[in-house]
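> Mind having a look at this structure? Questions to follow.
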Amino acid sequence: MSSARTLIRGGLVITAADEIHADVLTEDGRIAALAAHGSAAAESWTADRVIDATGRYVIPGGVDAHTHMELPFGGTSASDTFETGTRAAAWGGTTTIVDFAVQSVGHSLRAGLDAWYAKADGVCAVDYGFHMILSDVDERSLKEMDRLVEEGVTSFKLFMAYPGVFYSDDGRILRAMQRSARNGGLIMMHAENGIAIDVLVEQALAEGRTDPRYHGEVRKVVLEAEATHRAIQLARVAGAPLYVVHVSADEAVAEITAARDKGLNVFGETCPQYLFLSTDQLAEPDFEGAKYVCSTPLRPKEHQAALWRGLRTNDLQVVSTDHCPFCFTGQKELGRGDFSKIPNGLPGVENRMDLLHQAVLDGHLTRRRWIEIACATPARMFGLYPRKGTIAPGADADIVIYDPHAEQTLSVTTHHMNVDYNAYEGRRITGQVETVLSRGEVVIDQRTYTGRAGHGRYIPRGTCQYLV
Ligand code: DUC
Ligand code: ZN
Ligand code: ZN
């Protein structure tokens, strides 16, 4: 905790609700007060440190509610550790991540969660929480869900994909949803029909269609839409809220929209890769397409309009990264000659806030909506609000000083993620993180890293604060 008082002067404070020229005073790691710039109140403040934010935005630290540091997957592990990944998050203006602890088949939730607590303990640069991946829904794990909710792990990811690994059948999904309807947990769904996809994978490989682009072709739009529809119906039967992760296809957005029009507690998340990349990248020659293999897969460009529209209309509420990096050399290469062996996942935790700021400049989002989908709503959705996701008295002093005019080119040569490529290589962005405070401590100071491994704390979460 920082006992120092820091005064951030002269910036435009942007939250999901307001844009105001205000000075912000932080004390003991929290936001102590806001007052109009130039007001008598603000002029009377004294501080140990003054940050001049003239011409800058002052925004809440980003909340990335979907990351996979060190995730074991496909015989290898995601290349960012909690240390490197949270440091990269800080560089990109994200001050809270919610990562996924994994239950292994045949093991308890407790064992999985404890393993993830140990991985992250003492090494994170910014604050973090955990969701729990349920890989083996049975009487024991259902009971354990109740205890996890009480402990602050209040959301559970289930997979309709990856048979034999993370997959749950409809019966298991229904049971987990029924349990969450009672204990207040939020079910997060990977909605793809994995049983059908595996048939198409087998057929593609047998016919010699082995290149990365076939990853996108077998993981069909209708199989995402069908699974999304089915997940929604199961949630209705259970009377449980549902959060659909990494929505990539227009028809899946339509399913979520239809459910929301019925007044159901159904929510959708998308990710920068679906908004900015497409099957064009997946089709890059010389196996380069492997860099863009993730699930749900990248879609033809035409789908992007539905995702942007969903974000504007609040049919989609959150943009997270699904940050799950694998190096091209030695990791993505495991799938040369067989796309099904390419570890699934893209890097992005460092780039999300900037890409979404670019979306503001491109006319897809307003500035306040940028903050809403990247900070405030993920915090509400996962029980972290108002401690995280906003700038208000009492909130943690997780603050980004953002230069909206700086120009940068996203690149592996300048990023801080521990991965040997950048999915947005060469993309020019206007806007850049300048200074970052995490609980009042400056962790990025005018583009110099001043944080430390172990500053980041585990944050137990409350239940979903976004239900209607
Ligand atoms: N999708 C990915 O791309 N990576 C990890 C898990 C997932 O569901
Ligand atoms: Zn998933
Ligand atoms: Zn994921």
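The values are calculated or read from the model by the stated rules, or taken from the named source; none is laboratory data. Worth saying up front: this structure is predicted, and the values here are computed from it rather than measured. Here Cβ is always computed from backbone atoms with ideal geometry, including for glycine, and neighbour counts include all displayed protein chains. Accessible surface areas use protein heavy atoms only, side chains included; no ligands, DNA or RNA. Shrake-Rupley method; radii C 1.70, N 1.55, O 1.52, S 1.80 Å.
> Report the paramagnetic label zone for Q408: residues of the range 240-273 whose backbone N is under 17 Å from a point 7 Å from Cα along the Cα-to-Cβ axis.
272-273
> In addition: Take peptides 8-14, 59-65, 236-242, 247-253 and line them up by average Cβ neighbours within 10 Å, highest first, as a rough protection proxy. Intermediate results must be reported in sequence, preceding the final value.
On the way: 8-14: 22.0, 59-65: 30.3, 236-242: 18.9, 247-253: 24.7.
Packing proxy ranking, top to bottom: 59-65, 247-253, 8-14, 236-242.
> Let me ask something additional. So, with +1 on the Cβ of K and R and -1 on the Cβ of D and E, and no other charges, what is the size of the charge dipole of the chain about its Cα centre, to the nearest 20 debye? Display every interim value, and only then the final one.
On the way: 46 positive and 60 negative charges, 176 e Å.
Dipole magnitude for the chain comes out near 840 debye.
> Quick test of the membrane-span-like rule: which DSSP H helices of the chain reach at least 20 Å along their long axis (C-alpha atoms) with mean Kyte hydropathy at least 0.5? Present the calculation step by step, with values, prior to reporting the outcome.
Numbers: long enough: 221-238 (26 Å, 0.57).
Counting only whole DSSP H runs, the qualifying helices are 221-238.
> Leaving out ligands and nucleic acids, and using a 1.4 Å probe, what accessible area per residue does the range 61-381 come to in Å²? Show your work: numbers first, answer last.
On the way: 10020 Å² over 321 residues.
Per residue, the range 61-381 has 31 Å² of solvent-accessible surface.
> Further question on the same structure: 5 Å is the cut-off here: which amide hydrogens, built 1.01 Å from N in the peptide plane, fall below it relative to I51, excluding neighbours closer than 5 in sequence?
Hits under the 5 Å cutoff: L7, I8, R9.
> Over the range 284-426, what number does the Rg to Rh ratio reach, with both radii from the alpha-carbon atoms and Rh per Kirkwood?
Ratio of gyration radius to Kirkwood radius for the range 284-426: 1.00.
> Counting only residues 5 or more places away or on other chains, whose amide H sits under 5 Å from the amide H of D322 once H atoms are built in the peptide plane?
Counting only residues 5 or more places away or on other chains, the set is H66.
> Kindly state, to the nearest 0.05, the FRET efficiency for A453 paired with V199, given R0 = 45 Å and r defined as their beta-carbon distance. Can you show the working numbers first?
Numbers: r = 45 Å, r/R0 = 1.00.
E(calc), rounded to 0.05, equals 0.50.
> Next up: Counting every Cα pair in the range 1-123, what percent are over 19 Å apart? Before the final figure, lay out the partial values.
Working: 4546 of 7503 pairs.
Tail fraction, whole percent: 61.
> Tell me which of N314, A32, S248 sits at the most positive position along the dipole axis of the chain, charges placed on C-beta atoms (Lys, Arg +1; Asp, Glu -1).
A32
> Could you look at the range 61-381 and say what percent of its accessible area is carbon and sulfur, using a 1.4 Å probe and all protein chains?
Values: 4830 of 10020 Å².
Ligands and nucleic acids excluded, carbon and sulfur reach 48 percent.
> I need the semi-axes of the equivalent ellipsoid of the range 107-191: take the C-alpha gyration tensor, multiply each eigenvalue by 5, square-root it, list largest first in whole angstrom.
On the way: eigenvalues 96, 43, 28 Å².
Semi-axes, largest first: 22, 15, 12 Å.
> Right, next: Using the alpha-carbon centroid of each, what span in Å lies between the range 350-409 and the range 111-166?
Spelled out, the Cα-based centre of one part sits 26 Å from the other.
> Same structure again: Once fully extended, how much extra length lies between E217 and E425, figured as 0.36 nm per residue of separation less the alpha-carbon to alpha-carbon distance?
On the way: separation 208, 0.36 × 208 = 74.88 nm, distance 2.40 nm.
Here the answer is 72.5 nm.
> Give me, ordered by chain and number, the residues 5 or more places off I133 or on other chains with an amide H under 5 Å from its own placed amide H.
Sorted by chain and number, the residues that satisfy this are A101, V102, Q103, K157.
> Here is a follow-up. How large is Rg over Rh for the range 139-184, taking Rg from the Cα atoms and Rh as the Kirkwood inverse mean of 1/r across Cα pairs? Write out the running numbers ahead of the final one.
Details: Rg = 10.8 Å, Rh = 11.1 Å.
Result: Rg/Rh = 0.98.
> May I ask you to list the GluC sites (Glu not before Pro) in the range 162-221 that are in a DSSP loop and have at most 16 other Cβ atoms within 10 Å of their Cβ? Don't skip to the end; give the middle numbers.
Numbers: sites: E192, E202, E207, E217; in loops: E192, E207.
Taking the range 162-221 and a limit of 16 other Cβ atoms within 10 Å, the loop GluC sites (Glu not before Pro) found are E207.
> Determine the calculated [θ] at 222 nm for the chain from helices alone, applying -39500 (n - 2.57) to every DSSP H run no shorter than 4 residues and normalising by the residue count; nearest 500 deg cm²/dmol. Mind showing how you got there, number by number?
Details: 15 runs with 142 residues, N = 468.
That comes out to -8500 deg cm²/dmol.
> Here's another thing I want to ask about it. Report the extension gain between A17 and R140 in nm, rounded to one decimal, defined as 0.36 nm multiplied by the number of residues separating them, less their alpha carbon distance.
40.0 nm
> Starting from the exponent 0.38 and prefactor 2.2 Å, build the expected Rg for the range 68-115 from its residue count and divide its actual Cα Rg by it. Intermediate results must be reported in sequence, preceding the final value.
On the way: Rg = 12.5 Å, N = 48, 2.2 N^0.38 = 9.6 Å.
In units of the 2.2 N^0.38 Å rule of thumb, it is 1.30.
> List, in the order given, every pair from K262/K291; K119/K291; K157/K332; K119/K388; K119/K143; K157/K291 whose Cα-Cα distance in the structure shown is over 29 Å. Mind showing how you got there, number by number?
Numbers: K262/K291 39 Å; K119/K291 26 Å; K157/K332 24 Å; K119/K388 23 Å; K119/K143 25 Å; K157/K291 24 Å.
As for pairs spanning more than 29 Å Cα to Cα, those are K262/K291.
> Any chance you could list the semi-axes, whole Å, largest first, of the equivalent ellipsoid that the Cα gyration tensor gives for the chain, using √(5λ)?
Details: eigenvalues 246, 120, 86 Å².
Square roots of five times the eigenvalues give 35, 25, 21 Å.
> To the nearest 20 debye, what is the magnitude of the charge dipole of the range 210-342 about its Cα centre, counting +1 on the Cβ of each Lys and Arg and -1 on the Cβ of each Asp and Glu?
Details: 15 positive and 18 negative charges, 70 e Å.
Value, rounded to 20: 340 debye.
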